[in-house]
Structure formats: C-alpha cells, structure tokens
Amino acid sequence: MPEEATALRELAHRSKAYWPYDAAFLKAVAPMLILEPRHVASHEVHVLEVDGTVVGWDRITFRGERAELEDLWLEPEWIGSGHGRTLFEHAVRVAQEGGATRLEWDAEPYAEGFYRTMGGVEIGRTPSAAEPGRTLPRMRLTLNSPPSGAPAAAPAVPGADADPLEAP
C-alpha cells in the first residue's frame with residue numbers, strides 16, 4: 001500500500017546505517033534513499049514479513065528487457081539471516097515473470113560479496129552521487145526464462161511466513 005512508503009524508507013535508512021559509514025556520509029546519502037507513495041503504487045515493491053513484522057523489502061522497475069533492482073533492504077538485525085537471499089530470489093522471479101532477460105543494480109559496496117554469491121557479476125562502476133570520487137559496483141544477473149506455466153517455488157527460510165512476500 002502506498003501509505004507504507006514512509007515506514008519502508010525509514011527501514012532503508014536503518015539498513016544503510018548498519019554499514020560502517022560515518023554520520024556525515026549517512027547525512028549526505030539520506031536524500032537519495034527515497035521511496036514515495038507513487039513508487040509503491042507504480043513499481044514492483046514487495047515486503048518480507050516474519051511473524052507479521054516487516055523485516056525487509058525490495059523494489060524492481062522495468063526498462064525493456066532489463067529489470068532494475070532499485071532497492072533491497074533488510075532491518076539490520078536480519079542482515080545475514082538468509083532473508084536477503086529470499087528477497088533477491090523473489091526479485092529474480094519478478095524480473096523473469098515480467099519478461100526481463102537481465103537484472104541489473106548498483107550494489108552497496110559492503111554487500112557486493114552477497115550479490116556475487118547470488119550470481120551477480122560486476123559490469124562496471126557507477127559514480128556515487130553521495131560522495132565525489134566514490135563509485136558503486138554496477139552488477140548484472142542474466143536471467144533464464146521461468147518454467148512455462150509454473151512460477152518458481154519460494155525458497156525456504158526458517159522463521160519466514162509461508163508466503164512472506166507481498167506487495168504493500
């Protein structure tokens with residue numbers, strides 16, 4: 001629901017602050033961590049809940065055959081719990097089902113190892129708007145077509161609701 005945009009944006013800010021950035025950097029990047037009600041209404045935004053509590057979310061947009069992973073955020077206490085994998089694999093399925101042949105994103109540098117584990121490869125560097133001279137890994141995952149007639153099964157993550165991802 002679009003009215004959840006503020007809470008999801010605040011979650012993104014908490015997630016960003018998990019990494020060892022100083023206060024000045026977090027202040028500089030804050031205006032860039034946006035999610036407006038119109039984004040929730042018009043983009044593929046999905047929330048991950050555990051026992052009725054929001055623990056993360058992702059946002060995917062489409063540009064022709066390319067899907068863009070605009071956001072993937074977890075509450076800090078859930079980072080490293082397997083729920084990032086759940087969100088990422090769900091984003092892959094959404095991209096496949098939307099007809100994309102590739103999923104691309106600018107990676108949080110501290111999460112680059114996670115994205116490589118998920119099969120992403122660096123295809124370049126994107127200049128950071130938050131800090132002159134800083135760059136972000138630009139990553140890509142080439143997508144296979146989903147099996148015809150059947151969406152892929154959701155991965156099992158201990159503690160996650162049976163159907164944990166939903167559009168707000």
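Read-outs: derived from the displayed coordinates by stated rules, not from any lab. Bear in mind the structure is a predicted one, so any value in this text is a computation, not a measurement. Glycine gets a Cβ as well: all are built from the backbone with ideal geometry, and neighbour counts include every protein chain shown.
Note down the magnitude of the dipole of the chain about its Cα centre, charges +1 on Lys and Arg C-beta and -1 on Asp and Glu C-beta and zero elsewhere, to the nearest 20 debye. Display every interim value, and only then the final one.
Values: 16 positive and 26 negative charges, 142 e Å.
For this selection, approximately 680 debye.
How large is ³J(HN,Hα) for each residue in region 117-132, as worked out from phi by the Karplus curve 6.51 cos²θ - 1.76 cosθ + 1.60 (θ = phi - 60°), to whole Hz, x for Gly and Pro?
4, 7, x, x, 10, 6, 10, x, 10, 10, x, 7, 7, 7, 8, x
So, counting K/R as plus one and D/E as minus one, what does the shell of residues with Cβ under 12 Å around residue 30 add up to?
Details: positive: 9, 14, 16, 27; negative: 10.
Spelling it out: positives minus negatives among the neighbours equals +3.
Using the Cβ atoms and a cut-off under 12 Å, what net charge is assigned to the surroundings of residue 63, where Lys and Arg are +1 and Asp and Glu are -1?
Details: positive: 66, 102; negative: 65, 68, 70, 104.
That sum, taken over residues with Cβ under 12 Å, equals -2.
Along the positive direction of the dipole of region 1-109 (beta-carbon charges: Lys, Arg +1; Asp, Glu -1; about the Cα centre), which of 2, 88, 67 reaches farthest?
So the residue we want is 67.
Under the Karplus relation 6.51 cos²θ - 1.76 cosθ + 1.60, θ = phi - 60°, what is the ordered set of whole-Hz ³J(HN,Hα) values for region 138-144, x standing for Gly and Pro?
Listing the rounded values in order: 8, 10, 9, 10, 6, 9, 8 Hz.
Give me a comma-separated list of calculated 3J(HN,Hα) values for region 24-30, in order, Karplus coefficients 6.51, -1.76, 1.60 applied at θ = phi - 60°, integers in Hz, x for any Gly or Pro.
Couplings: 5, 5, 4, 5, 5, 7, 3 Hz.
For residue 131, enumerate residues with amide H under 5 Å from its amide H, sequence gap 5+ or separate chain, H modeled in the peptide plane.
Amide H to amide H, under 5 Å and 5 or more residues apart or across chains, residue 131 pairs with nothing.
For every other residue with a beta carbon closer than 11 angstrom to the beta carbon of residue 94, add +1 if it is Lys or Arg and -1 if Asp or Glu, then tell me the sum. Before the final figure, lay out each step's value.
Values: positive: 59, 93; negative: 44, 58, 89, 97.
For residues surrounding residue 94, the net value is -2.
Can you give me the long-range amide H partners of residue 75? Hydrogens built in the peptide plane at 1.01 Å from N, cutoff under 5 Å, separation of 5 or more residues or another chain.
Residues meeting the amide H criterion: 56.
Need the full-extension length gain, residue 135 to residue 3, defined as separation in residues times 0.36 nm minus the C-alpha distance. One decimal, nm. Mind showing how you got there, number by number?
Values: separation 132, 0.36 × 132 = 47.52 nm, distance 3.25 nm.
Computed gain between residue 135 and residue 3 is 44.3 nm.
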